[in-house]
1. On a full-extension model of 0.36 nm per residue, what is the gain between residue 168 and residue 293, subtracting their alpha-carbon distance, rounded to one decimal in nm?
2. What base-10 log of the normalised intensity I(q)/I(0) is obtained for segment 33-94 from the Debye formula, alpha carbons as equal point scatterers, at q = 0.12, 0.19, 0.28, 0.29 Å⁻¹?
3. Return the Rg/Rh ratio of segment 2-307 with Cα-based radii and a Kirkwood Rh.
4. Can you tell me the equivalent ellipsoid semi-axes for segment 155-308? Use √(5λ) from the Cα gyration tensor, largest first, whole Å.
5. For a Förster distance of 22 Å, can you work out the FRET efficiency between the beta-carbons of residue 273 and residue 191, rounded to the nearest 0.05?
6. Rounded to a whole number, what % of the accessible area of segment 28-83 do carbon and sulfur atoms account for, probe 1.4 Å?
7. With all protein chains present, calculate the accessible area of residue 23 using a 1.4 Å probe and round the result to the nearest 10 Å².
8. Counting only heavy atoms of the protein chains, get the accessible area per residue of the chain (1.4 Å probe) and round it to a whole Å² value.
Amino acid sequence: MRRLTAETRLHPAELILPVFVREGIDEPRPIASMPGVVQHTVDSLKAAANEAAEAGIGGLMLFGVPEVRDAVGSGATDPNGILNVATRAVAAEVGDALVVQTDLCLDEFTDHGHCGVLDAAGAVDNDATLERYRDMALAQADAGSRILGLSGMMDGQVAAVRDALDSEGFTDTAVLAYAAKYASSFYGPFREAVDSQLQGDRRSYQQDPANRREGLREARLDLDEGADILMVKPALSYLDVLSDVAAISDIPVWAYQVSGEYSMVEAAAANGWIDRERAVLETLTSIRRAGADAVLTYWAVEVAGWLK
Ligand code: PBG
């Protein structure tokens, strides 16, 4: 009876696995603050991509961890930069079975760890960053990424990237706008995952957790700029924002269950304080119930196995 009357269902096709690929390592490297998650080599990433395809999930979101960083994040636009190399390899391997997607942001590639380039005073320069994002979009699309995940929260980034893609003939490359992305403590473990160099915080470009209407406003702006998919992030602490965005959006709405959300459940489960499988399924069901059409989650492949 419960199965028949359930209002919300989970399906592997609606799960996307975020993955990390690191330059200059021979073996996958565990991420201590995210038990079960690793920084991949290109080879181990190809194997993980095949496993994900086998599991029937919807896609992969790739993050690159370069060996060398500089002020403008040169590795992000270099065709031989780790993220672009890995994208090419994964697209060749599983491009027909999975939607290969890439994080479009400079923070992994800059030596100061910010999502954009800095001005003379050390503040993030919004419009100079848009120029970098345009180039990064072309490099990623050329490498075979089908969806570009614009996570940098610069104003005007969706319009800028859409224009760059269209003017170079990449009209089929989709833009996933991190429309409402909050300056969250729950990104903590991710900073280890990408070896982040960040000093300070991102509160000058990410949103204040106190603000709900502002999330909706950011989503409307991205819709107007030509986004193909909207994202709310983090997920569990922002279900009200997710529900608001889902109510007004006529394009898909996704949510990102971020590193801290993952690690909290893992830590509690490891201590025997919580039923791990039930907790994982409950969080994902709640995110779907609030209005997410698909969810980025580090549990994507494991959950797909449970759902089979
Ligand atoms: C920025 C980016 C971040 C995450 C995804 N993209 C970090 C940040 O904004 O500080 C966090 C994802 C997670 O915590 O799982 N490129």
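The values are calculated or read from the model by the stated rules, or taken from the named source; none is laboratory data. This structure is a prediction, so every number in the text was calculated from the model and none was measured. A quick note on method: Cβ atoms are made from the backbone with ideal geometry, for glycine too, and the neighbour counts reach across all protein chains shown. Note: areas computed on protein heavy atoms with side chains; ligands, DNA, RNA excluded. Shrake-Rupley method; radii C 1.70, N 1.55, O 1.52, S 1.80 Å.
1. On the way: separation 125, 0.36 × 125 = 45.00 nm, distance 2.99 nm.
Going from the current span to full extension adds 42.0 nm.
2. Values, matching the q order: -0.34, -0.77, -1.23, -1.27.
3. Details: Rg = 18.0 Å, Rh = 19.2 Å.
So for segment 2-307, dividing Rg by the Kirkwood Rh gives 0.94.
4. One finds semi-axes of 28, 18, 16 Å for segment 155-308.
5. Working: r = 25 Å, r/R0 = 1.12.
Efficiency for this residue pair is about 0.35.
6. Details: 1210 of 2240 Å².
Carbon and sulfur: 54 percent of the exposed surface of segment 28-83.
7. So the heavy atoms of residue 23 present about 60 Å² to solvent.
8. Heavy-atom accessible area per residue stands at 43 Å².
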